[in-house]
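The values are calculated or read from the model by the stated rules, or taken from the named source; none is laboratory data. Being a predicted model, the structure only gives us computed values, none of them experimental. Methodologically, a virtual Cβ is constructed for each residue, glycine included, from the backbone with ideal geometry; neighbour enumeration extends over all protein chains shown.
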Amino acid sequence: MIGIYKITNIINNKCYYGSSKNVEKRWRDHKNQLNRNSHINSKLQRAWNKYGENSFIFEIVEECEKTKLFEIEQKYLNLEPDYNIGINACGGDNLTNNPNRDKIIEKIKKGSKLWRDSLSDVERNEIFSKPLDKNPNWRGGVTYQYCECGIRIGTGHKHCNKCRPRSNNKNPFFGKTHSDTVKNKQSERMKGNIPKNREPIFINGVEYNSYHDASIKLGIPAVTIRWRVLSKNPKYKNYKFKNKENFTYTDNEQKERLSKPQINSKRNHNKPFLIDNVEYQTLKDASEKLKIHQMTIKGRLISSKFDNYKYIT
C-alpha cells in the first residue's frame, strides 16, 4: 500500500509522520530498528526506550498515488509533528535539527578520514582523479586566453576592449557625438562644484585649493607636493594643510633621527681593495684610473678567476 502513515505515542499524543511505497513493510522496519536501539531518528528512539513499544500505535492516515507521495506528506509535516526531525518530505533530513547533530558530524568526519587513509594511491586516483576532459574545470589545456592583438583577456572573452567589435546593434550611442549645446550645459553644470575630498593647502604662505591647483601654478608634480605636505622633514615645514595641524621635526630632532641608525653600524661598502698589488679605496677611484667600468671591477673582486683582484681584509 502506498500512502502516509503515523506513529503516535498514546501517553503524550506526540507523533511521527512518514510516507512509503510499502507502508506495511516500512512499519516493520521501524519496529525492528527501534527494538534494536538503532533507529536513525533519535527523538523517536528515545521516546520508544522511555515509554515502551506498547505505548505506540501505528496507523495509515491517507492513501495516495506514487507521484503525489511527497506532496501529501509535506502537508502533514507542516503540522510540525514532535518526533519528526526533518521538515521536508524529500527523503528526510535527519541531521539539521537533530539534537546530536555535532556528534554525528564529528563521527562522519572521523569515518571519512579513516576511509580515505585506508585507500592506496591507485584507488585514490581512480576515485578522485579527473584528468583532462573528465574535469569540469578543464579548459582544453589552455590556461590563459589572448586577443588577436596579443593582449591577455579574461576567460569567456574573445576580444580585448580595443579590438571588440562595435556596432549600433548593442550601443545606442554608436557613431554619435554630443552637440556643442550639450557640452556647454555639462560644462556649466560642473563649474563651481568642489570635490568633497579636496584639501586646501598653504605653500610659503600662499593658499591653494588643492594639490592639482598648486601643481599647475608652481610647475611641481602634484604627487611631490602631497609628499612634502605630509612629510615631517623640517625642510618642508612651509608645506602644510589649511584645516589640519601639521607636525614636523625640529632641525636637531631631524639630525638625531638620521644619525641614530648610523651609530656603531658596520659599513660594507667602500672597502679598500688591491688590483695588481695597487690599493684603491673606492670603485669609482679604480674605474677612473684603470678606465674599467665599476661593475666590471666589482665582479672581478668577487670572482675566483681574478687572483689579482682582492679585498683587503
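Listing for the model above:
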| quantity | calculated |
| --- | --- |
| Only one of Tyr17, Tyr76, Tyr83 that is in a strand (DSSP E or B) and crowded, with 18+ Cβ neighbours inside 10 Å | Tyr17 |
| Residue satisfying all of: in region 195-234; charged (D, E, K, R) and surrounded by 13 or more Cβ atoms within 10 Å (Cβ to Cβ); farthest from Leu258 (Cα to Cα) among these | Asp213 |
| Counted residues, region 267-297 - those being aliphatic (A, V, I, L, M), surrounded by 13 or more Cβ atoms within 10 Å (Cβ to Cβ) and over 13 Å from Tyr311 (Cβ atoms) | 2 |
| Inter-residue pairs, beta-carbon under 8 Å, first free of Cβ contacts under 8 Å to residues at least 60 places away in the same chain and in region 177-198, second not in a loop (DSSP other than H, G, I, E, B), 6+ apart | His178/Gln186 |
| Conditions (1) outside any loop (DSSP other than H, G, I, E, B); (2) surrounded by 10 or more Cβ atoms within 10 Å (Cβ to Cβ); (3) modelled with pLDDT under 75: number failed by Lys183 | (3) |
| Helices (runs of 4 or more DSSP H) completely within region 222-313 that count 1 or more residues being within 46 Å of the chain's Cα centre (by Cα) and of a type in the set (Phe, Trp, Tyr) | 222-230 |
